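Asks: Structure in structure tokens, see below.
Where a number appears in this text, it was derived from the coordinates with a stated rule and is not lab data. Since the model is a prediction, treat every value here as computed from it, not as a measurement. Here the Cβ is made from the backbone with ideal geometry for all residues, glycine too, and neighbour counts use every protein chain on show.
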Amino acid sequence: MSDSPLWRRLQPVVATLLVLTVIGIPLWLVVATAAKSRGEALTPNLSPPSHWHLLENLGAVWTDAKVPTAFFGSLLVVVPTVFGVLAFGSMAAWVLARRATRLTAFLYAFGISGIVLPPAVVTIVLLLRQLGLAGTAVGMIGVYMGIYMSTVIFFVTGFVRTIPTWRRSTARARSRCSGGWCCRCSGRSSPPPRSSSACTCGTTCSTRSSSSEAALTRCRSTFSASRVRGST
């Protein structure tokens, strides 16, 4: 049936009707109910309102519910929470991903335990009241950061573990090369060459000054030391 020409012609029509049914009916119910008066809205149905009051009802909700104040209040809580949880979670994830010890393994398991364990709502409310932070933006920011910190640690730690250690060592060596020869390596490479004509292993050397032998020596030593640390 799926290969028949008739089904190929009817498939877009069926898909369109299905989308209109699944999305259109709930959307129409919301719009029709929002445009009805209070008496008609008590019995929600698919029938259109006798008199449309859509703009009046939306204006009343906008002013009575204080939507702008609620919006900026949400921004006051959400923006610091997102920046804080990403900053602290990324710093913790970097250490947990680069240190292979029993302590870091325990800390990682403890850090991601918040994904499985539900937040203790009653205890959090009582703690905020004792600290005097109940109903404040600082209290809500701390609660949301604690709830979502485990998720950030879990995902960012997995991402950091996929980054090879030699890339970190190469980037560190590049950042320390300044004032003269600087080797930019595209992969695993040998130490920087002794001159610009001896580039090997995909390295590209450039110079910004005529007296660059001292800078080239520093670059070679820094690169070699960083590779030793990366291999260990």
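Asks: So what's the net charge close to E56: Lys and Arg +1, Asp and Glu -1, counting the other residues with Cβ under 13 Å from its Cβ? Each step should come with its number before you reach the end.
Replies: Details: positive: K36, R38; negative: D64.
For residues surrounding E56, the net value is +1.
Asks: Any chance you could list P(r) for the stretch 68-161, counting all Cα-Cα pairs in 5 angstrom bins from zero, rounded to whole %?
Replies: 2, 13, 20, 19, 18, 13, 8, 4, 1, 0
Asks: Okay, moving on. Would you mind getting me the FRET efficiency between E56 and L76? Use the beta-carbon distance for r and R0 = 25 Å, nearest 0.05.
Replies: Numbers: r = 30 Å, r/R0 = 1.21.
It comes to 0.25.
Asks: For a Förster distance of 35 Å, can you work out the FRET efficiency between the beta-carbons of F155 and A65, rounded to the nearest 0.05?
Replies: So, using R0 = 35 Å, E works out to roughly 0.50.
Asks: With θ set to phi - 60° and the Karplus curve 6.51 cos²θ - 1.76 cosθ + 1.60, what are the ³J(HN,Hα) couplings of the stretch 102-110 in order, to the nearest whole Hz, using x for Gly and Pro?
Replies: Values, residue by residue: 5, 5, 5, 5, 5, 5, 5, 5, 5 Hz.
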